[in-house]
Each structure stands twice: as C-alpha cells, then as structure tokens.
C-alpha cells in the first residue's frame, strides 16, 4: 500500500518537475556571438561573470557590453545586438511580451515574425517600451532623450500622457524634436541637422548588425542567417531611400563588421537607387557605396591578413592581395546590379564603381601596410597595382573603367602614403601612378586582350597620373609638409604613369598633362557606431 502511494506521488511530481525544468530552461536568453572583449553579466544572485558565447542569461540578469558587441538570442525569433558601452537587463522572457530593458547605450533588434509566433517583443526604457512582432529597428538613448530609427517593418513608440507614435520603415523619432513625432530624414536634416549624426549612426548600426547575422550561419543557424540576408536587402534599401546621408557610414560599417556581405550591401544599394530610374542618382550612390564598402571590407580583411604576416614586406603583400580581392568583388557587384536593374545607366555606374571600389580598397590597405611598418612608397605602389587591377577586372575591363580604377587607386594610395611621409610625396606619386597604370592596363589585357590594352594605355595613364598627383599633393599638405611643390609632384606622377602603362601594354605612352586640383574621393570613416545612453519610452508595434 505504501509503495503504491509512493508511486502515485512520484507519478504526479516527476512530470511537474520536468515541466518546471523545461520552463526554467526557456527563461534564459543565450549569448550567440561576441565581438571584442570586456563584457560581463551580473547574475540575479549578484555574482558577476565574464560574458562568452554560449552563456545562458536568466531573467533579471544585467549585461554590460564594455568594449564588446554582444549578439543575444533573447527568445526564439529575436536577435538583439547590444552595442559597445551599453547596459541591458533581461527583464522577462515568458508570456506574450518578452522584454529587454535598455539602461543605456544602443540596442538593435532583429525579429523573425514566424519564429516569434504571435508574441510582441519589446525594449523597455525608463519612459516606456518599444516593441514589434517583425522588424529591424535601433534604439539609442542618452539621458532622458532617445532616437529611434526603423529599418524595416513598423515600431510604435508610446509614453505616459502622450499620443503613441508609429514609425514605418525609414521612420525616425527623436524625443527632443517635435515631442518625438514621426519624421523623415529629409525633414529632420533641414530642421535639425545636428541631430542627423545620431540618426546616421542608428541606421548604420542596424545594417551592420543584420550583416553580421547574415554572415554567420554557424553561430546563428542557417534559417536565422537566411532571414537576415533578406533583411539586409531591406535595411540597405531603406537607408538609400529614406536616410541617404547614412549610406556611406552604413556600407562601411557593415562591410567592416562582415566583409563577406560587402557585395550584398553594394548590390542592394545600387538596386534600390536604380528603382528611381534616375541615372545620375544611381551613379552617385554606386560610387559612394562601392568606395565605402570596399574600404570597410578591405580594412578588416587586410588587417587580419597582415596580422599573420611575419614582417612588413609580407604584410604589404597580404594587404595588397586583400585590396585586389575586395575591389574586384565590390566593383563586380555594382556592375551586375545596374546591368539588371537599369541597363541604361550601366556605362556611368561601371566607371563610378571602378573608381569607388579601387579608391576604398586602396585607402584601407595602404593604411594597413604602412601601419605594419612598410615604407610609404612601397606600400602605396603594391596596393595601387592590386586595387586598380581588381576594380578593372570586376567591371569588365573597358578602357573607361580601367581609367577610373587607375585614378581611384592611385589617388587613395598616394594620399594615404604622402600623409604618412609628406617629404616623399613626389616619389610616392611617381611610383603609385606607375603601379596603378600597370595594374589597370594588365587587367584590360587579361579581360579584353592585348590589343585592347594597347588602345587603352594612354587613357589609363591619364587617370593614374591625375589621381596620383592629386592624392600626393593633398596627402603631403595634410601631413604638414611646408612648401608642397604641386608642379614637381604632377610631373613625377605623369612620368610614372607613362612608364607603368607602357611596360604593361607594350606600347609607347606619352606622359600626360596633369591637373593637381583637389582630391574628390576622401576616405570614408569606418569607425564603429558610438553608443548613446538611457531613459526612453519606446513601445509596441505589429
């Protein structure tokens, strides 16, 4: 009898304990990926542990990102990216409204509506909750002020005693502007241009966070990364159409964080711009996005490759190889995108993409090589050859694209190198012009044949000489050189370009007449999005 009673009790208790264990497991978020170091988690019992991938974070725990960037799976269907210097409390994970509390900093939320299964995820701040069932949005908080940018879907912002505000894709709400009413970037830029920096950062943060998830199926799972890849197209298109001042920063930041997604970022941006049917607009976007994406991706790829090199020479070779690879991929992405979306603008966009990709890749890779101890002249020459060749190949090898690529590579590489060694500007201009002309002409020969290379050689030399002269003059001036001799630099660039084009094409090239006007392709900043601070009231959305 007693044994039967015990079995009866166990029959009731064991399932209860199993259900409790399952519920307990479900009440934990998971850190999926960390970029950087210094992040900590304060557990509910007060203990502090180092944050690491795979760590289970229970409800009421506090995450302090420090110098790291944390990708947290809050619940199934929600990836929350906690940016640097941010603090988040895992408030509740159960019920129909799982919620994180943003105490300070930046938080990007990516939501898969299908996996969220009808629940409404939210981000709570001292003023309220920002929630959604399927969207990508960024919340930045500083003091009692906030900025919210919706990259896709809709977000509703609510606060006590004030009407709710709903933001569609591209919508912006800034608590200090019009009482947090929904605004467009155009209207905000006209009325409060100083606030646009925070908006640009918020947009760039969103694109970069989505790109990282799309690029890492091993960490996030194939399904989540596939969803992120679709969202990447949407978020980039939103930035192009609704927050155009953030295009460069978003492309650079996303490509630096996830270099394998650089081509996807460029493709999405060019396609979005091409939808307008305006050739001039898509050309401008193409040059901006290729330069930014190439610089961001090359910065990461070259730095990683150079770090494993044993000496400065090996680091230069690694950086140059990275520049060629990135320039080719990015330029090709823009070329193919415009050919599919707006063929009438293909010629203009191809040239813009060649110059942008070569310029961005050359700028970043030259910085990496000189930072590794290579001489400025050697670094600029090696990188200019590679970037010009890669961008020319990526755009098909026409004479016009080769000229643009040679100009972009020579200008960026000589500018970076001459700023580092201003007294060597003339020598840098000569070597860089020669290298860029040789790289672009070689690419023409490889893609179009030697006869085409000979026909293009003079045109290519013109582009390389002009780019190198402008870049070296600008760089030497920025580097603090006194009495910069622009004429001598221009003559050196012309001589070098003629030599490089002649040797690579097998025909005689005349030193071109060179203009030393100001540079037109300044490097694009790729610094991480800076965080903001606490207290906002952002609310629910469907």
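All of the numbers you see were taken from the coordinates with simple rules; none came from a lab. What you are looking at is a predicted structure, and each value in this text was computed from that prediction instead of being measured. Note that we place each Cβ from the backbone using ideal geometry, even for glycine, and neighbour counts take in every protein chain shown.
Treating r as the C-beta distance of residue 52 and residue 197 and R0 as 41 Å, the FRET efficiency rounds to 0.80.
Each label was represented as a point 7 Å from its Cα along the Cα-to-Cβ direction; for residue 76 and residue 313 these points are 5.8 nm apart. What angle do you read, to the nearest 10 degrees and between 0 and 90, between the alpha-carbon axis of helix 399-420 and the longest principal axis of the chain? Taking Cα atoms only, the helix is inclined about 80 degrees. Spin-label pair residue 304-residue 344: with each label point 7 Å from Cα along the Cα-Cβ axis, the two points sit 4.1 nm from one another.
On the beta carbon distance between residue 42 and residue 168, with R0 = 51 Å, the FRET formula returns roughly 0.90.
Per-residue packing, averaged as other Cβ atoms within 10 Å, sorts the ranges 332-345, 416-429, 43-56 into the order 416-429, 332-345, 43-56, beginning with the highest. What is the distance in Å between the Cα centroid of the stretch 369-434 and that of the stretch 145-183? For the stretch 369-434 versus the stretch 145-183, the Cα centre distance is 45 Å. The angle separating the long axis of helix 486-505 from the principal Cα axis of greatest extent in the chain is about 90 degrees. Taking each residue as 0.36 nm, the span from residue 97 to residue 222 lengthens on full extension beyond its C-alpha to C-alpha distance by 42.4 nm.
Highest mean first, the peptides 273-284, 69-80, 465-476 sorted by other C-beta atoms within 10 Å per residue fall in the order 465-476, 69-80, 273-284.
Computing FRET efficiency as 1/(1 + (r/R0)^6) for residue 503 and residue 482, where r is the C-beta to C-beta distance and R0 is 30 Å, gives about 0.30.
Between the helical axis of 425-448 and the longest alpha-carbon principal axis of the chain there is an angle of about 80 degrees. Per residue, the convex hull spanned by the Cα atoms of the stretch 367-485 measures out at 74 cubic angstrom.
Cα centroids of the stretch 255-313 and the stretch 443-460: 26 Å apart.
When you restrict to C-alpha pairs under 8 Å that are six or more residues apart and normalise by the size of the chain, the relative contact order lands at 13 percent. Classification of the stretch 210-261 by its C-alpha gyration tensor yields an oblate form. The axis ratio a/c (a ≥ b ≥ c) is 1.5 or more, and b/c is at least a/b. Need the C-alpha centroid separation for the stretch 35-51 versus the stretch 192-222, integer Å. Each part's Cα centre sits 24 Å from the other's.
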